[in-house]
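This report concerns only the one structure given below.
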Amino acid sequence: MNNPNQSAGKIFRVIGDRQAYQNLFYLGAAFPLGIFYFIFLVSGISTGISLVIIWVGIPILLLVGAGWWIMASFERFMAIHLLNENIPEMVRPLNKDADLWTRFKTYFTNPVTWKSLIYLFLKFPLGMLTFVILITLVSLTLAFLSMPFTYETLPPFRAGISIGFGLPAWHIDSLTEALICVVIGLLLWPATLHITNGLAWVHAKFARFMLSINPWERISSLS
């Protein structure tokens with residue numbers, strides 16, 4: 001049977017965990033990066049396809065392909081160094097003497113080339129969802145923690161917290177209630193970090209699957 005003190009220690013130990021704050025940074029960067037990837041890919045691919053008829057679109061599409069590989073490599077780098085996820089290589093071993101056509105064919109037959117494209121497109125909606133959750137949790141925590149300094153600064157409405165579900169709002173109009181909010185904020189912060197750690201874990205496993213050659217793909221490529 002677990003000791004209650006040990007269980008509480010596990011819950012609050014996350015506050016001093018460096019990895020938790022690396023996860024926060026990664027999640028916070030996911031949304032703006034997702035916007036950039038989406039704009040680059042949509043504009044580049046649509047422009048390239050529309051200009052294929054006059055051949056100009058072909059080099060544009062090749063540049064976009066090189067660009068999304070660089071961005072996928074950057075995402076893999078971040079997942080490895082910020083999320084501490086072990087992600088295998090994105091490419092199969094290739095002979096150093098391979099000619100340009102072999103390298104070109106290898107790139108477009110590599111499943112990671114296409115998985116990484118899907119990953120970059122999905123980075124936008126996933127990043128947006130993650131960003132909303134992150135901002136909500138962090139803002140709520142900061143609102144509780146800062147209540148002793150803010151509960152008197154919003155007259156005549158006063159500070160208030162609405163729980164929802166038809167319940168009346170809790171209007172903070174005394175220092176005692178504001179200090180209770182601080183206690184709630186101190187409890188909410190480790191909960192926030194545990195939730196964001198869970199989100200980061202999902203991002204890490206998704207990056208591992210989409211940005212590396214999986215074992216069955218490696219076997220099939222050799223058969």
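The values are calculated or read from the model by the stated rules, or taken from the named source; none is laboratory data. Here the structure is a predicted model, which means the values were calculated and not measured. Note that we place each Cβ from the backbone using ideal geometry, even for glycine, and neighbour counts take in every protein chain shown. Note: areas computed on protein heavy atoms with side chains; ligands, DNA, RNA excluded. Shrake-Rupley method; radii C 1.70, N 1.55, O 1.52, S 1.80 Å.
Among the residues of region 56-70, are any open to solvent by 60 Å² or more (accessible area, probe 1.4 Å), in contact (Cβ under 8 Å) with a residue 40 or more places away in the chain, under 22 Å from His203 (Cβ atoms) and assigned to a helix (DSSP H, G or I)? The answer is no; no qualifying residue exists.
Taking region 180-203 as the range and being surrounded by fewer than 19 Cβ atoms within 10 Å (Cβ to Cβ), among the β-branched types (Val, Ile, Thr) and within 15 Å of the chain's Cα centre (by Cα) as the test, the residues that pass are Ile195, Val202.
Note on region 71-85: residues that are part of a helix (DSSP H, G or I) and surrounded by fewer than 18 Cβ atoms within 10 Å (Cβ to Cβ) amount to 5. Confirm whether Phe108 is among the hydrophobic types (A, V, I, L, M, F, W, C), open to solvent by 40 Å² or more (accessible area, probe 1.4 Å), modelled with pLDDT of 95 or more and assigned to a helix (DSSP H, G or I). The answer is no for Phe108.
A residue that is under 21 Å from Arg208 (Cβ atoms) and of a type in the set (Gly, Ala, Ser) cannot be found anywhere in region 53-71.
Kindly indicate which of Ile35, Ile39 is among the β-branched types (Val, Ile, Thr), on the phi < 0 side of the Ramachandran plot and surrounded by fewer than 12 Cβ atoms within 10 Å (Cβ to Cβ). Checking each option against the conditions leaves just Ile39.
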